[in-house]
Amino acid sequence: MFISLWEFFYGHFFRFWMKWLLRQMTGKCELQRIFDTYVGAQRTHRIENSLTYSKNKVLQKATLVIQSEVDKCVEDIMKEKNINPEKDTSFKICMKACLLQISGYKQLYLDVESVRKRPYDSDNLQHEKLLLKLWNLLMPTKKLKARISKQWADIGFQGDDPKTDFRGMGILGLINLVYFSENYTSEAHQILSRSNHPKLGYSYAIVGINLTEMAYSLLKSEALKFHLYNFVPGIPTMEHFHQFYCYLVYEFDKFWFEEKPESIMYFNMYREKFHEKIKGLLLDCNVSLTLKI
């Protein structure tokens, strides 16, 4: 109740008068003051909030701008706020960079969601080739005897046909598994080997798909904003999402063996503990979770 009242008064009264007072004192609007004071994710995050909570419709719509219209949007903002490009030479550059990150994050979510909604199709030749590529990357010295085979358990699938394990995350789960195996082949082999530990083992592919869901949910909830705004100076793309997934795979394996669970039956509990750890790290405005090997 108290928090709701504070948010109402702050949004409708206090924030307006505070902005007005600071503009009179500094001769600069809130957006200019943010550019003068902050860098990295903090800058983009504060610009995004300033635009979102603005009473000005032009500024509000700026957070929804598509990438192809960013330049025009920047011009409109400068016109609305009476910003002289000759007096403030850096404003245009800084605002464009922020809007590209903001619009890029929204587009990245749409791209990831589009791939996630695409189910694995065993009649799709590209899907089948990708699945076989995963096998060959992880088991280069062992030939797959048949498409439907108990051998799939060797890389951590549950049944004879892996397609049933992709139902939750669609083709996105497979794409992530292949990306990690292809770009971090040595690490993938090491983690696959560790996943076969007699006491602390886990299903490599199933856990990998589970971590795709974790990466997706963090993106959807906007928890990845600080990370991506720091990690990517321009437009975040699927490549950066895959990179974050790789970080999760590598760090989860370390976390699992450090925690030493009594049984795989406790997987959900430790998965959630790891999830909370990652969410805590992502609260830091200076965060950049990159895979360091």
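The values are calculated or read from the model by the stated rules, or taken from the named source; none is laboratory data. As the structure is a prediction and not an experimental result, all values here were calculated from the model. Glycine gets a Cβ as well: all are built from the backbone with ideal geometry, and neighbour counts include every protein chain shown. What goes into the accessible areas is simple: the full protein's heavy atoms, side chains included, and nothing from ligands, DNA or RNA. Shrake-Rupley method; radii C 1.70, N 1.55, O 1.52, S 1.80 Å.
Worth pointing out:
- The listed residues are Leu200, Leu192, and the only one of them that is open to solvent by less than 30 Å² (accessible area, probe 1.4 Å) and in contact with a Leu (Cβ under 9 Å, 6 or more places away or on another chain) turns out to be Leu192.
- Residue match in the stretch 88-97 (condition: open to solvent by less than 60 Å² (accessible area, probe 1.4 Å), closer than 19 Å to Leu224 by Cα and at pLDDT 95 or above): yes
- The residue of the stretch 198-221 that is nearest to Ala153 (Cα to Cα), among those that are without any contact (Cβ under 8 Å) to a residue 40 or more places away in the chain and out of contact with any helix residue (DSSP H, G or I) (no Cβ under 6 Å at 6 or more places or on another chain), is Pro198.
- Yes/no for Asn183 being within 25 Å of Lys117 (Cβ to Cβ), open to solvent by 10 Å² or more (accessible area, probe 1.4 Å) and at pLDDT 95 or above: yes
- Test: Asp111 is surrounded by fewer than 17 Cβ atoms within 10 Å (Cβ to Cβ), in contact (Cβ under 8 Å) with a residue 24 or more places away in the chain and among the charged types (D, E, K, R): yes
- Taking the stretch 154-191 as the range and being in a helix (DSSP H, G or I) and without any contact (Cβ under 8 Å) to a residue 24 or more places away in the chain as the test, the residues that pass are Asp154, Thr164, Ser186, Gln190.
- In the stretch 133-153, the residues that are in a helix (DSSP H, G or I) and surrounded by 12 or more Cβ atoms within 10 Å (Cβ to Cβ): Lys133, Leu134, Trp135, Asn136, Leu137, Leu138, Gln151, Trp152, Ala153
- Taking every residue in the stretch 258-287 that is within 23 Å of Tyr216 (Cα to Cα) and pairing it with any residue that is assigned to a helix (DSSP H, G or I) and charged (D, E, K, R), at least 6 positions away or on another chain, the pairs with Cβ-Cβ distances below 7 Å are Tyr270/Glu259.
- Meets criteria (under 24 Å from Thr37 (Cα atoms), touching a residue at least 12 places away in the same chain (Cβ under 8 Å) and not in a helix (DSSP H, G or I)) for Ile102: no
- Enumeration of residues in the stretch 229-247 that are open to solvent by 30 Å² or more (accessible area, probe 1.4 Å) and among the aliphatic types (A, V, I, L, M): Ile235, Met238
- Residue selected from the stretch 248-292 under the condition under 19 Å from Leu192 (Cβ atoms) and within 15 Å of the chain's Cα centre (by Cα), by the criterion surrounded by the fewest Cβ atoms within 10 Å (Cβ to Cβ): Leu291
- Within the stretch 251-260, none of the residues are of a type in the set (Lys, Arg), in the same structural domain as Met139 (by the TED database) and under 25 Å from His45 (Cα atoms).
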